[in-house]
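Worksheet: one structure, shown below.
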Amino acid sequence: MHSLLNYQKSSDTQIWDDFLLGSKEAYSFMYTKYAPVLYNYGYKIAQDRQLTEDCLQDLFLTILETRERLGHTDSIKFYLMRSLRREIVRKLTSAPRLTGTRLDQHRSADDHDVDFRVEFHYEPTWLDSQISKERSEAILHELNQLPARQKEALFLKFFDNLSYEEIAGIMGIETTSAYKVIYKAIAALQKRMPADLLALVMLLGKLVS
């Protein structure tokens, strides 16, 4: 039986398979490692702290209760992010007026177009050592001028280090579409942002991912 410490060196396949077999340590490790990442992503879609927290708790409760029926995965992060997105969109669709997120009431929970707002979350000491507040605000302003789908794809690629195939799977689009969306986002930023500011976007992605 693995300990939480030993799981840090284990592959996603091993951790997930142990979880499917009922390992409490594997389950605890997954929650500890991925809950902050999932919340950070989910909140950008829901823009509602309570809704995000509820969906996150529901997700981990659901996988625990249904683990005997779940399939295998070699990317836990991808599996959980895709599941969380679906849960948030489902709840936004069923009760859109209860949140601040704009989502057409007539859309289904499978639709990939949702509102998405980029924010940076880090301690002031980290911020001061990496980038000024003014430049950070400038980056956020430009990123949030992009269409929601472009913002989300860009965030998943550069801030969560996901592959184009994983981005497509999470957003419910084709892989070729994921390439096009990210290309358009970068092209749009290149037109509006100085080269050094765009380089900082890529740098921030590596630093906070």
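General remarks:
- Residue pairs meeting the criteria (Cβ under 8 Å; at least 6 apart or on separate chains; first on the phi > 0 side of the Ramachandran plot, in the stretch 146-157; second among the small types (G, A, S)): none
- Residue within the stretch 159-180 that is open to solvent by 80 Å² or more (accessible area, probe 1.4 Å) and at pLDDT below 90 present: yes
- Number of the exception - E152 against (1) open to solvent by less than 20 Å² (accessible area, probe 1.4 Å); (2) over 14 Å from K77 (Cα atoms); (3) out of contact with any Phe, Trp or Tyr (no Cβ under 6 Å at 6 or more places or on another chain): (3)
- Matching residues in the stretch 50-99 - criterion: being buried (at least 17 other Cβ atoms within 10 Å of the Cβ), assigned to a helix (DSSP H, G or I) and more than 16 Å from the chain's Cα centre (by Cα): I63, K91, L92, T93
- Pairing each residue of the stretch 182-197 that is of a type in the set (V, I, T) with any residue that is part of a helix (DSSP H, G or I), provided the two are 6+ apart or on different chains, yields C-beta distances under 7 Å for I182/A153; I182/L154; I182/K157.
The values are calculated or read from the model by the stated rules, or taken from the named source; none is laboratory data. Everything quoted here is computed from the prediction, not taken from an experiment. Here Cβ is always computed from backbone atoms with ideal geometry, including for glycine, and neighbour counts include all displayed protein chains. Side chains included, ligands, DNA and RNA excluded: accessible areas come from the protein's heavy atoms. Shrake-Rupley method; radii C 1.70, N 1.55, O 1.52, S 1.80 Å.
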